[in-house]
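The values are calculated or read from the model by the stated rules, or taken from the named source; none is laboratory data. On a predicted model such as this, the values are computed, not experimentally measured, just so you know. Note that each Cβ is placed from the backbone with ideal geometry, even for glycine, and that neighbours are counted across all protein chains shown.
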Amino acid sequence: MKVGYFVPCYIDALAPQAAKSTYNLLKRFDLDVVFIEQAACCALPLTDMGYEKKACKLEDNLYPLLKGYDAIVIPSGICTEQIRDHFAADVSNEENMKIRNSVYDIVEFLHDVLKVKSLPWAHFPHKVALHNGCHSLRYLKHARPTELMEPDFSKTEDLLKLVDGIEVTYATRKDECCGFGGTFSMWDVSCSGQMGKDKVHDYANNGIQYVTSADYSCLLHQQSIANKLGLDIKTYYISEILNGDV
């Protein structure tokens, strides 16, 4: 299988360790992994603000980078969902639609496509809080949202439980937004900041030192608030744990 590995702009700039761990994790499964060297914006901030025409210009620039692969794997739930569900540029183009339908985040790809059942190299003997970001939870369906009366499942937890020694736990209100919300954290700083404080205080009050997620944007938000408050909390992208890098 030829896999295009696309690193979004914010991961490239702010979390290179998450990108490296995801790439190295994919290479463990005997795949033809091609690193798409040009990091680019998926236009999510513009879409969030309703600037659809401006977003389409960025989409047109991105499509050529994603051609020619059996699957495209992205280390970011929010960017995966943006490309799959919100790209509006030339939706009548069959090749573009094929690309959109071939995009996966790392959790979906490991759990649903490769159907990974063991990670013998991964060892993390710690209690870890799993934060399922809002996009990954309700759009990518990584797990059952607690507000829905449906059979319980969690792809992210299934993968983490393959790691030797790990204990997976959650914040008291497990699905509550951490307050990042992309442009929301800039336009409504007070509300976003308070939501983040509530989340990290919840971890601290429950004796949780480590937090992981498939959305590094949420982890950046939570880690910066924890640092500002002087809380002993460390956040790791899910691939860092699954690949045995921490």
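I need every pair where a residue in segment 201-229 that is closer than 21 Å to Asp105 by Cα has its Cβ under 6 Å from the Cβ of a residue that is in a loop (DSSP other than H, G, I, E, B) and among the basic types (Lys, Arg), sequence separation at least 6 or different chains.
none
Of all residues in segment 130-166 being among the basic types (Lys, Arg) and part of a loop (DSSP other than H, G, I, E, B), which is farthest from Cys177 (Cα to Cα)? Walk me through how you get there before you give the answer.
Pass one, segment 130-166, residues among the basic types (Lys, Arg): 138, 141, 144, 155, 161.
Right, trim to part of a loop (DSSP other than H, G, I, E, B) and you get 141, 144, 161.
Numbers: Lys141: 15, Arg144: 15, Lys161: 23 Å.
Ranking the candidates gives Lys161 first.
From the list Met49, Met97, pick out the single residue that is more than 30 Å from Asp202 (Cβ to Cβ), out of contact with any His (no Cβ under 7 Å at 6 or more places or on another chain) and assigned by TED's automatic domain parsing to the domain that holds Pro8. Write out each step before concluding.
Values: Met49 fails: more than 30 Å from Asp202 (Cβ to Cβ).
On inspection, the qualifying residue turns out to be Met97.
Quickly run through segment 223-246 and pick out the residues that are hydroxyl-bearing (Ser, Thr, Tyr), assigned to a helix (DSSP H, G or I) and crowded, with 16+ Cβ neighbours inside 10 Å.
Looking only at segment 223-246, we keep the residues that are hydroxyl-bearing (Ser, Thr, Tyr), and these are 224, 235-237, 239.
Add one more test, that the residue is assigned to a helix (DSSP H, G or I), and what stays is 224, 239.
Across segment 223-246, the qualifying residue is only Ser239.
Only one of (1) modelled with pLDDT under 90; (2) surrounded by fewer than 19 Cβ atoms within 10 Å (Cβ to Cβ) is not met by Gly165, so which one is it?
All conditions pass for Gly165, except number (1).
Write out, first by first residue and then by second, each pair whose Cβ atoms fall under 6 Å of each other, whose residues are 6+ apart or on separate chains, and whose first residue, in segment 1-25, is free of Cβ contacts under 8 Å to residues at least 40 places away in the same chain while the second is part of a strand (DSSP E or B) and crowded, with 20+ Cβ neighbours inside 10 Å.
Final answer for the pair search is Tyr23/Tyr5.
Go through segment 65-124 and count every residue that is farther than 19 Å from Arg138 by Cα, part of a helix (DSSP H, G or I) and of a type in the set (A, V, I, L, M, F, W, C).
So the count comes out to 5.
For Ala40, state whether it is surrounded by 15 or more Cβ atoms within 10 Å (Cβ to Cβ) and among the aliphatic types (A, V, I, L, M).
Numbers: surrounded by 15 or more Cβ atoms within 10 Å (Cβ to Cβ): yes; among the aliphatic types (A, V, I, L, M): yes.
Taking the combined requirement at face value, the residue satisfies it.
Of (1) at pLDDT 95 or above; (2) not in a helix (DSSP H, G or I), Phe180 satisfies all except one. Which?
So Phe180 meets the others, but not (1).
Residue-wise test of (1) loosely packed, with under 14 Cβ neighbours inside 10 Å; (2) within 19 Å of His135 (Cβ to Cβ); (3) out of contact with any Cys (no Cβ under 6 Å at 6 or more places or on another chain).
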residue	(1), (2), (3)
Lys2	yes, no, yes
Arg28	no, no, yes
Pro45	no, yes, yes
Lys53	yes, no, yes
Tyr63	no, no, yes
Ile72	no, yes, yes
Asn93	yes, no, yes
